[in-house]
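**Student:** I'd like to ask you about the structure that follows.
Just so it is clear, none of the values below were taken in a lab; they were calculated from the coordinates. No experiment lies behind these values; they were computed from the predicted model shown. Don't worry about glycine lacking a Cβ; one is built from the backbone with ideal geometry, like all the others, and counts go over all protein chains shown.
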Amino acid sequence: MSSAVRIEAFLEMMSAERGASGNTLDAYRRDLEDADAFLGRKLAVASVDDIRNWLDDVAVRGFASSSQARKLSAMRQFFRFLYAEGIRQDDPTGVIDAPRKQRSLPKTMQEDAVTRLLERAETEKAQARDDEAWFAACRLHALVETLYATGLRVTELVSLPLSVASRDERYFVVRGKGGKERIVPLSPKAKDALKDWIKARAAQPRFLDSLFLFPAASESGHLPRQVFARELKALGSRCGVPAAKLSPHVLRHAFASHLLQNGADLRAVQQLLGHSDISTTQIYTHVLENRLVELVSKNHPLADQA
């Protein structure tokens, strides 16, 4: 049986048994097919040296250590699957060390930049001159307000069900990675923006039967995340926020950073972001460190003494 068939079987298992998202499956497919092509379509019977040679090639192609580690992780998952299925009696990745990842701080935004972004989105909605412009402005304003209010992943945001806005509640449940559910609060401003969006959405008969909050004529039935990312960058450019420094993920990071700056607990932020492991949330500890230094310098009785 060819490696291509083994890869398909592995991806089907990841989807059916582990609830892997479409994005995760796409990433696994790219990495596995890349390795299979490098090894002459013999990935399923690869040796330790074969995998090391492929990883060396990945490094030569300029992939960052984090990308190399992710690709090796895909290999580990694949060969564990082959071992569990009795297809192989060994795991060639078991003795290979992952490249050391440099943990970079997440890109984020200052609070005043986020305020400019939100105010610009609201202003453009108020100044829309026709139904088409109002529709687009209402959607963008609702997306930006909801993203900053909740810190959702962009895929979670664009695929939200209509029921999120149809109930007048302070919280809603979102299904995240691996099908895990978490409770997310919705701010009053986000709720108001969503109410306007629902009105604009209702004026479009083509979307009345859709169960998605942000429907679109796409394969998925909802707004593609790439479309939102493009519209967000354009909005940023119109209010002085460089497009290169703005993305849905940056706004998610701003949500987390600003919560911590204003006194939120790291565990609470972990739950809101949907991180299964607190270590993932600890990339924000630099924010906590800055806040703790400020608290001590302002409040400790000996802080003013040289």
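**Student:** About the Cα centre, and with charges only on the beta carbon of Lys, Arg (+1) and Asp, Glu (-1), how big is the dipole of the range 111-294? Nearest 20 debye, please. Please report the intermediate quantities before stating the final value.
**Tutor:** Details: 26 positive and 22 negative charges, 55 e Å.
Computed about the Cα centre, the dipole is about 260 debye.
**Student:** So, one more: What residues qualify as long-range amide H neighbours of H222, i.e. H under 5 Å apart, gap of 5 or more or another chain, H built at 1.01 Å from N?
**Tutor:** A216
**Student:** By counting other Cβ atoms within 10 Å of each Cβ, how are F207, F78 ranked from fewest to most? The partial results should precede the final answer.
**Tutor:** Details: F207 17, F78 26.
The order, fewest Cβ neighbours first, is F207, F78.
**Student:** If exposed means no more than 16 neighbouring beta carbons inside 10 Å and the site is in a DSSP loop, what's the longest run of the chain without any exposed trypsin sites (Lys or Arg not before Pro)? Display every interim value, and only then the final one.
**Tutor:** Working: sites that count: R41, K42, R61, R100, K101, R103, K107, R129, R167, R170, K180.
Formally, the longest exposed-site-free interval is 181-306.
**Student:** Would you mind pulling out the separation of the Cα centroids of the range 91-161 and the range 1-45, in Å?
**Tutor:** About 30 Å separates the Cα centre of the range 91-161 from the one of the range 1-45.
**Student:** By how many degrees, between 0 and 90 and to the nearest 10, does the Cα long axis of helix 225-238 differ from the longest principal axis of the chain?
**Tutor:** 50 degrees
**Student:** What would the Debye equation give as log₁₀ I(q)/I(0) for the chain at q = 0.10, 0.13, 0.16 Å⁻¹, counting only Cα atoms as equal point scatterers?
**Tutor:** With no solvent term, the Cα-only Debye profile gives -0.72, -1.05, -1.28.
**Student:** Under the classification rounded if a/c is under 1.5, otherwise prolate if a/b is larger than b/c and oblate if not, where does the range 1-93 fall, given a ≥ b ≥ c as square roots of the Cα gyration tensor eigenvalues? Let's see the in-between values first.
**Tutor:** On the way: a/c = 1.75, a/b = 1.19, b/c = 1.47.
Note, shape of the range 1-93 comes out oblate.
**Student:** Taking 8 Å as the Cα distance limit and 6 or more residues as the minimum spacing, I'd like the relative contact order of the range 1-158 as a percentage. Provide the component values of the computation, followed by the final result.
**Tutor:** On the way: 105 pairs, mean separation 25.3, N = 158.
Reported as a whole number, the value is 16 percent.
**Student:** Helix-only estimate, please: 222 nm mean residue ellipticity of the chain, summing -39500 (n - 2.57) across DSSP H runs of length 4 or more and dividing by its residues, to the nearest 500. Let's see the in-between values first.
**Tutor:** Working: 14 runs with 181 residues, N = 306.
Mean residue ellipticity at 222 nm (helix-derived): -18500 deg cm²/dmol.
**Student:** List the residues, sorted by chain then number, that are 5 or more residues from R88 or on another chain and whose placed amide H is less than 5 Å from its amide H.
**Tutor:** The answer is Y83.
**Student:** Step through the residues of the range 191-200 one at a time and calculate ³J(HN,Hα) from phi using the Karplus curve (6.51 cos²θ - 1.76 cosθ + 1.60, θ = phi - 60°), rounding each to whole Hz and writing x for Gly and Pro.
**Tutor:** Couplings: 4, 5, 5, 5, 4, 5, 5, 4, 5, 5 Hz.
**Student:** Further, regarding this structure: Provide the net charge surrounding R238, with neighbours chosen by a C-beta distance below 15 Å and charges set as Lys +1, Arg +1, Asp -1, Glu -1. Please report the intermediate quantities before stating the final value.
**Tutor:** Details: positive: R116, R120, K125, R230, K233, K245; negative: E119, E122, E124, E231.
Value of the local net charge: +2.
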